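Step one of this worksheet: look at the structure below.
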Amino acid sequence: MSNNVIIGTAGHVDHGKTSLISALTKIDTDRLREEKARGITIELGFAYLDLPDGGRAGIIDVPGHERFVSNMLAGAGGIDIALLVVAADEGVMPQTLEHLGILQLLGIKQGVIALTKIDLVDEEWRELAEEDLREHIAGTFLENAPIFHVSSTNGEGIAELRQTLIDAVEAADQKKVSVPFRLPIDRVFTLSGIGTVVTGTLIEGKLSSGDDVVLYPQEKKVRVRSVQVHDEAVDEARAGQRVAVNLSGTKKDEVERGNILAESGSLLPTYILDVDLRSLKHSRFQIENGMRVHLYHGSRELLARVVLLDRDILEKGDTASAQLRLEEQTYIKQGDHFVVRFYSPVETIGGGIILDPIANKRKRYSDLDDFELMRSEDATARLDRALKSSALRFKPLNEIYYRAGIQVADGKKYLQPLIESGRAVQLNEQTVLHISGMKLLSEKCRDILQKFHEALPLELGMKRESLRTRLLPRASIQVSDRVIDELVNLGYVEDRDGEIALKGHSADLSPREQQLIDELSSRYEAEAFSPSATDELIAEYNKDDKIDQILSRMVNDGILIRLTEQILMHHSIVEKALKQVKKDIDERGSVTLADFRDETGTTRKFAIAILEHFDRLKLTKLVGDSRILLGD
């Protein structure tokens, strides 16, 4: 079966594009009454070329008049093979050059040229017209394209041109059908008894009747009721075909040209694009930094601001790294082509290719080395760059793959080498952090722990919970814990039984500090179930003794148990209390606060603090006025 290919005409107004298509296909693409009256194509017209094997190649007849170039652009995005039409009696004209420039900017690589209306000129004039044409296409993708001398009136050259187009269709590159489908909408209308119908060129994937799809930018879910290709109902349409889709779940006034039909979640919104921007050689205007332009992508037109990142002016014919900052949200993919036109008067001035479809805002004259990575054919290199650019934003993997121009289904294939080489760390199924991000976190972690150690030199380390909220306050507990684990694995920090410290940090005690610990340990043991209040005890000592830190160290070392902010108790006393509670419950089935208070010889305040401590440890449970062992 033949490739699914779109042939698109291009050329100056009234150079015979529509007549040529009619001669090739016997289909009249001028469908609007105004077009018939005026003799020019205003809207997009559609036809098809029958192929020997029974297949059909779609043909788009695009407007040539300069006032309708925006309509031409709406169809040009889906073109695989260009049919450049130049009238022999007039030769190359302004719109010829503009259309040629647009086709070049859109990355079209195949083309055929038709020198039309040869019945109106003599042989010598034909040769002069072809020579002039060759000069203008030099250096373009059409430089070596065949030129056919044709007449739509008497049929001269038509058969040869038709055969060359058929051969070009057979040789065209295969379309991407194993990716999520994408259909830029270029027409919307209603049919009685059928409802809303949209048309467009299926540029990627496959679309079937009954599919649940999404209308962008509305992000509205709709259903495909039926699909037609070349006026025939089909169960499935494939990339490279002109399709008409009957939609349910939406009305005509809720859809417009420029919208996109695509799989749910397959497109992501953006306001900023990293691009390679090329200025047209024959444009009247230069592209300047800060210039406001009309941006054309797929079938959509919107306004954008050009930010040239390494210069103030982009000279005609040159290419530069740039950002396009959009005035409204759009949906676009890595590797897509686009065209920009001067704001007023509206003339084509350039275009290019999307390198990062959801870019971060950049400063001018900053490092642009990553543009080379974005241009790379190496998908792993692009993924490495996308991960690095996401830094500490912890973007989900599907968004990272989108930036790198990688299908989610292929993602692991390109991600695994980065993980194995230590370039990336997988935190969970949807979160991967670039090693540069880990290094940034290690520096932040080092600063946090350094200040902690300076303020609390007797502490073995910072509690994991405290570090987590300081290091990554907005991340989930799962992600922040994994980051800390990786910082430990990479040797940046140490985990000391749940306390995180700088590698090599020592909390050794001085003789005086050890003396204070021994002294306080004996005191707390002697005070038994009625220890001194923490603040009162600290006030008894000299500030230089840093008793608050000594007490904290004793808690960390397990010498003291913190029952409340103001109540610390020796661990041996707490153990005695637990034995008493278990004895009482074993004998009586439960223990009351009053019984426990009397048996330990303490006050209600301390008895409550001890029993609630056991509750928190889930050793006991309060039922009514008594406590039982948990699980009893």
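No lab work stands behind these numbers, since they all come straight from the coordinates. Quantities reported herein were computed from a predicted structural model and do not represent experimental measurements. A quick note on method: Cβ atoms are made from the backbone with ideal geometry, for glycine too, and the neighbour counts reach across all protein chains shown.
Structure notes:
- Calculated from backbone phi, Karplus (6.51, -1.76, 1.60) coupling profile of the stretch 7-21 in Hz, x at Gly/Pro: 9, x, 7, 8, x, 5, 4, 6, 9, x, 5, 5, 5, 5, 4
- Each Lys and Arg Cβ is given +1 and each Asp and Glu Cβ -1; about its Cα centre, the stretch 513-629 then shows a dipole of about 580 debye.
- Think of it as helices only: each DSSP H run of n ≥ 4 in the chain is worth -39500 (n - 2.57), and spread over all residues that comes to -10500 deg cm²/dmol at 222 nm.
- For the pair Asp89 and Glu160, a Förster radius of 22 Å applied to the C-beta separation gives a FRET efficiency near 0.60, rounded to the nearest 0.05.
- Derived scalar couplings between HN and Hα for the stretch 248-254 equal 10, x, 8, 10, 4, 6, 9 Hz in order, rounded to whole Hz, by the Karplus curve 6.51 cos²θ - 1.76 cosθ + 1.60 (θ = phi - 60°), x for Gly and Pro.
- Taking GluC sites (Glu not before Pro) across the stretch 501-580, the ones in a DSSP loop with at most 15 further Cβ atoms lying within 10 angstrom of their Cβ are Glu565.
- Reference-scaled alpha-carbon Rg (2.2 N^0.38 Å with N residues) for the stretch 182-262: 0.94
- Too-long pairs where the Cα-Cα distance tops 31 Å, listed order kept, from Lys361/Lys444; Lys206/Lys281; Lys175/Lys220: Lys206/Lys281
- FRET efficiency estimate (nearest 0.05) - Cβ-Cβ, Gln329 to Asp544, R0 41 angstrom: 0.10
- Extending 7 Å from the Cα toward the beta-carbon at both Asp497 and Asp235 defines two label points whose distance is 6.8 nm.
- For the stretch 259-367, applying the loop criterion from DSSP together with a ceiling of 15 other beta carbons within 10 Å to the GluC sites (Glu not before Pro) yields Glu315.
- Taking 0.36 nm per residue of separation and subtracting the current Cα-Cα distance, fully stretching the chain between Phe189 and Arg292 would add 33.9 nm.
- Report note on the peptides 152-161, 434-443: ranked by the mean count of other C-beta atoms within 10 Å, highest first, their order is 434-443, 152-161.
- Dipole of the chain, positive direction: furthest Cα of Leu458, Val425, Val86, with charges on the beta-carbon: Leu458
- Computed magnitude of the charge dipole of the chain (debye, nearest 20; Cβ of K, R +1, Cβ of D, E -1): 1420 debye
- Proximal aspartates and glutamates relative to Lys583, as straight alpha-carbon distance under 17 Å, when same-chain residues fewer than 8 apart are discounted: Glu575, Asp595, Asp598, Glu599, Asp615, Asp632
- A viscosity of 0.890 mPa s and a temperature of 25 °C, combined with the Kirkwood radius over C-alpha pairs in the Stokes-Einstein formula, give the chain a diffusion coefficient of 81 µm²/s.
- On full extension, the segment bounded by Ser436 and Lys109 gains 113.8 nm, given 0.36 nm per residue less the C-alpha separation.
- Within the stretch 368-473, chymotrypsin sites (Phe, Trp or Tyr not before Pro) in DSSP loop having at most 10 other beta-carbon neighbours inside 10 Å: none
- Net charge of Cβ neighbours under 15 Å - reference Arg512; Lys, Arg +1; Asp, Glu -1: -3
- Positive-pole candidate from Thr190, Gly351, Ile203, dipole of the chain, charges at beta carbon: Thr190
- Summed side-chain charge close to Asp384 - residues other than Asp384 whose Cβ falls under 11 Å, Lys, Arg +1, Asp, Glu -1: +2
- Placing +1 on each Lys and Arg Cβ and -1 on each Asp and Glu Cβ, with no other charges, gives the stretch 275-371 a dipole about its Cα centre of roughly 240 debye.
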